[in-house]
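Beneath this line is the structure, given in C-alpha cells, with notes to follow.
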Amino acid sequence: MNEETIYQYLKKKGASRRDFLKLCGTLVGAMGLFRSPLEGSDLLDPTIFESNTIQKIAHALENKPRVPVIWLEFQDCAGCSEALTRSQSPSLIDLVLNTISVEYHETLTAAAGFQAEANKEAIMQAYHGQYVLVVEGSIPTAGNGAYCTVGGRSALELLTEAAEGAAAIIATGNCAAFGGLPKANPNPTGAKGVWEIITDKPVVNIPGCPAIPEVFTGTLAHFVVFGSLPNLDDLNRPMTFYGKTIHDRCLRRPFYEEGKFALSFDDQGAKEGWCLYKLGCKGPTTYNACASIKWDAGLSFPVQSGHPCLGCSQPDFWDGGGFYQSQSAPLNSPEITAVGAAVGAGVAVGAAMAAGSAAQKKKVEAEEKRSES
C-alpha cells in the first residue's frame, strides 16, 4: 500500500476539486454534523460543529492517507455486510474506494484461502496501530472456540490477534456488539460481544439487526476524518445516532400521545396508522436512528411500514419478552413512565372533563324542561 493522501488518490482517479468537496459534504451529512447545535447539542462535539466544517474535513482528507480496514466475520448471517452495500450516505463505492481500503473481508474480498490470510497478516504488520478493525458477528467462547473457526483457528483467537494492532474497533450489528441472536437463551456457544472480550482498545458498538448502513459509514467516516471515535453512550454507541429513542421521532407518536393504539394488525386503528405500542412495539425503549435515517435511501422503516419495533439495537433484545405481546401499560422506564404518566393524566383529565361536561349538559336540559313546564 502507498501513503498517498485521500485527496491525492482522488486526483489520480480523475476527481476534480469540486468532486472532492462534494465528497466532503457527503461525509459531513454522514456524520450527522449538519444538525443544528440547538437540536440535541448534547449529542455532538461542539468543537467540530462550525460553519466551516466542510473546509476542516477537506483539510483533513488532504493530509490523511486512506485508512486500512480489516473486517472479520464470526457468528453472523452477513446481514450487516449486505446492508452496507446498500448504504446511500456515503455509498459503499465512495467510502471504500475513496476514504478507506478494505484489505480483508471474507465475503467481499476477491482473494480467498491462503492468499487472503497472507494479505491480512501483512497488513496487520505493516500498519500496526493504524488500521481499523471491523467485527461482524458474535464470538463463541464455549467448547474452546469450536463453534466458529476460520482456517482452523477459533474466532476468539483471531479477534484477539487482530485487535492487538488495531487503532480502533467497530462492532457492527447486535451480534458483534451484544452477542445478538447467538447469545439468546440458553446461549449454547457462550456467545459474547466484542467489548466483553476486548477491554484495552477503543470499541464502538453499532447495534441493529442489521446495523443501519449509514450509521456504520458515518461512524467510520468520523474516525477517518478526526482520527477518533465520536461521543459514545454508556453502551459504547455513537450518541449522534443512538442519543434518542425511535419513539422520540416516530411518525406514529402523536397517536401515542392521544392514547390511540392499534390492537391488532388488521383493525381500524392499524389501517389509520395508530401507535403500535400495544402490539409489542419497543420503540419507546430502543435507541437508534431508524425513524430519522430510515432504510433504502430514507424510504421507510419497520414502524412506518406497519411492524412494531423489535428493539434490535438493545442488549439481549431476543430475550426481552415476546415480540408481539400486548403492552397494556407504559413500560417501566424513566422515559416512558414520564410520557405514559402524562398521557394517562391527559386521558384522565379528558375523561373527567367529558364526564363533567355531560353532567352539566344534563343539568341544563333538566332546568330547561322545568322552565318550560
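Here are the numbers:
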quantity: Residue among Ala122, Ala166, Ala116, Ala111 that alone is free of Cβ contacts under 8 Å to residues at least 24 places away in the same chain and assigned to a loop (DSSP other than H, G, I, E, B); calculated: Ala111
quantity: Residues of segment 134-156 satisfying the condition of being in a strand (DSSP E or B) and surrounded by 18 or more Cβ atoms within 10 Å (Cβ to Cβ); calculated: Val134, Val135, Glu136, Ser138, Ile139, Pro140, Ser154
quantity: Qualifying position, being in contact (Cβ under 8 Å) with a residue 24 or more places away in the chain, more than 20 Å from Thr53 (Cα to Cα), touching a helix residue (DSSP H, G or I) at 6+ places or on another chain (Cβ under 9 Å) and not in a loop (DSSP other than H, G, I, E, B), among Val215, Val204, Val225; calculated: Val204
quantity: Answer residue from segment 71-120, given it is of a type in the set (Gly, Ala, Ser) and under 21 Å from the mean Cα position of the chain (by Cα) and is modelled with the lowest pLDDT among those; calculated: Ser89
quantity: Those residues of segment 241-267 which are of a type in the set (Ser, Thr, Tyr) and outside any loop (DSSP other than H, G, I, E, B), in sequence order; calculated: Tyr242, Thr245, Tyr256
quantity: Tally of residues being under 17 Å from His105 (Cβ atoms), hydrophobic (A, V, I, L, M, F, W, C) and free of Cβ contacts under 8 Å to residues at least 60 places away in the same chain across segment 151-163; calculated: 1
quantity: From Phe216, Phe178, residue being crowded, with 24+ Cβ neighbours inside 10 Å, of a type in the set (Phe, Trp, Tyr), assigned by TED's automatic domain parsing to the domain that holds Val69 and under 16 Å from Val102 (Cβ atoms); calculated: Phe216
quantity: Every residue from segment 1-14 that is surrounded by 14 or more Cβ atoms within 10 Å (Cβ to Cβ) and either within 14 Å of Val225 (Cβ to Cβ) or more than 31 Å from the chain's Cα centre (by Cα) (or both); calculated: Thr5, Ile6, Tyr7, Gln8, Lys11
quantity: Selection within segment 275-300 - closer than 18 Å to Thr172 by Cβ and either free of Cβ contacts under 8 Å to residues at least 40 places away in the same chain or not in a loop (DSSP other than H, G, I, E, B) (or both); calculated: Tyr287, Cys290, Ile293, Trp295
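The values are calculated or read from the model by the stated rules, or taken from the named source; none is laboratory data. Since the model is a prediction, treat every value here as computed from it, not as a measurement. Here the Cβ is made from the backbone with ideal geometry for all residues, glycine too, and neighbour counts use every protein chain on show.
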